[in-house]
């Protein structure tokens, strides 16, 4: 780590990092494309498109599928933000479906302790880490309400059919490859504290690990299969106001989670048209409300002032402008919105994009917040619950302080961009505070430098998301590294598989002039994939 302006005295140690050159080609299609952080979910979405579904159909089906194949990232116990472009209306809609604090939450139950929290945010420590881990950390989930709202409004395939792929995947069980073993093992110390969570993810008392030369082990996700079947049969409203809601509340209370019937019955997502804003010759549509969308807008405004005449390729001037714009915008975000600097832990957010042959576009980011959320699996319904209370500042009297019934500030930042050529691009990422930095640079690569999806996804990025130093991808050109090091304290880090020191983005495009689509998935993930309709 640098101690002043300049590069860290410790070079990138390639001996300790992955020794491979990773390239992930973009996928092209005459129809639609789905990108997500798991190939099985992308395949689900692509099959829905091939069966005549639209982009919303594919997104809803892929969303539920993600909860089945990477349950530590997202699921029905979490929340989401979504952008939807409807080609037949030439309108873009935003869905705000984040978590909400339980009505019975008492801020006095989260007294400040010593040190800092153990997860994504550098909040002052709270007694027993209860805002981050366990039943005290759970907030009212919004994912199902949000997906139900967009399906009611825009889907062309019945709700129960959209859940069929996820139900089938859960019935097959979770295949635990090496990457899944790594994810489970990294949270095992906390999962073991909750018997219902241990029973699912640590069935023999430890993380499942495959044998050399043998198929990966398969574990059951327990009662989640029945819960999804009930949700498919009775609809999204059953999760909040029906018999399923009653069972969820009973299950939660039995797990010492303060969740009431009123919490679920009173939850309403926000779905409305959004006008967007101009950046260069493009129109940008972002998540609104308590997301990173407003900060992205501010950062792009600053970037347009800083980077007045982009060259043919992004060089020192561009990366210097990225850093300056991000630092200034995050300074305002942290001061006015109450967010706080992030540590180096991974978030359990995930992102998917869909474009269909008709030009409809979806960008969807969903999350449980931390890896495995609260770490609490509801034993009777099989739902892994979020730890949304972590998003609040535990210090009283601040814009984002803990309060009953309140929605917290989040870092999700799905985006749809319309370029002057008519091309529409959906993009977003996982990665906590680092999400907005990745989205900003990808937008610049595509809009300012006219990069293809494949070029943009492989272009090295930096991160300046509220910390004092600037993090640089180890593959960045030496001249750019030297230039940034003369301006800021910098750390040069290899962009590897694990730990993930940069956000994990995905991009999908539709070109109305050709009718074709293109998608690129996060390059360094072994499971992320773009899949074409076919």
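The values are calculated or read from the model by the stated rules, or taken from the named source; none is laboratory data. Since this is a predicted model, take the numbers as computed values, not measurements. Cβ: placed from backbone, ideal geometry, glycine included. Neighbour counts: every protein chain shown.
Odds and ends about this structure:
- Test: residue in the range 76-88 that is touching a helix residue (DSSP H, G or I) at 6+ places or on another chain (Cβ under 6 Å), surrounded by 24 or more Cβ atoms within 10 Å (Cβ to Cβ) and more than 25 Å from residue 274 (Cα to Cα): yes
- Pick from the range 462-476, criterion touching a strand residue (DSSP E or B) at 6+ places or on another chain (Cβ under 9 Å) and part of a loop (DSSP other than H, G, I, E, B), ranking: modelled with the lowest pLDDT: 466
- Flag for residue 457 being part of a loop (DSSP other than H, G, I, E, B), surrounded by 24 or more Cβ atoms within 10 Å (Cβ to Cβ) and in contact (Cβ under 8 Å) with a residue 60 or more places away in the chain: no
- Just one of the listed residues (128, 160) is free of Cβ contacts under 8 Å to residues at least 24 places away in the same chain and either assigned to a helix (DSSP H, G or I) or touching a helix residue (DSSP H, G or I) at 6+ places or on another chain (Cβ under 8 Å) (or both), namely 128.
- The set of residues in the range 182-207 being in a loop (DSSP other than H, G, I, E, B), in contact with a helix residue (DSSP H, G or I) (Cβ under 8 Å, 6 or more places away or on another chain) and farther than 15 Å from residue 222 by Cα consists of 192, 205, 206, 207.
- Going through (1) modelled with pLDDT under 95; (2) out of contact with any strand residue (DSSP E or B) (no Cβ under 8 Å at 6 or more places or on another chain); (3) on the phi > 0 side of the Ramachandran plot one by one, residue 10 falls short only on (3).
- Number of residues in the range 45-101 that are out of contact with any strand residue (DSSP E or B) (no Cβ under 9 Å at 6 or more places or on another chain) and at positive phi: the value is 2.
- Among the conditions (1) assigned to a loop (DSSP other than H, G, I, E, B); (2) surrounded by 18 or more Cβ atoms within 10 Å (Cβ to Cβ); (3) more than 20 Å from the chain's Cα centre (by Cα); (4) modelled with pLDDT under 95, the only one that residue 314 does not satisfy is (4).
- Members of the range 220-270 that are free of Cβ contacts under 8 Å to residues at least 24 places away in the same chain and assigned to a loop (DSSP other than H, G, I, E, B): 242
- Positions within the range 502-526 being within 15 Å of the chain's Cα centre (by Cα) and either without any contact (Cβ under 8 Å) to a residue 60 or more places away in the chain or in a loop (DSSP other than H, G, I, E, B) (or both), in sequence order: 502, 503, 521, 522, 525
- Filtered residue count, the range 269-295, keeping only those that are out of contact with any strand residue (DSSP E or B) (no Cβ under 9 Å at 6 or more places or on another chain) and loosely packed, with under 14 Cβ neighbours inside 10 Å: 1
- When the criteria are applied in full, residue 442 meets the requirement of being in a helix (DSSP H, G or I) and in contact with a strand residue (DSSP E or B) (Cβ under 9 Å, 6 or more places away or on another chain).
- Residues in the range 477-489 that are under 20 Å from residue 436 (Cβ atoms) and modelled with pLDDT of 95 or more: 484 alone.
- Selection from the range 163-177 of residues that are touching a residue at least 40 places away in the same chain (Cβ under 8 Å) and part of a helix (DSSP H, G or I): 163, 164, 165, 166, 167, 169, 170, 171, 172
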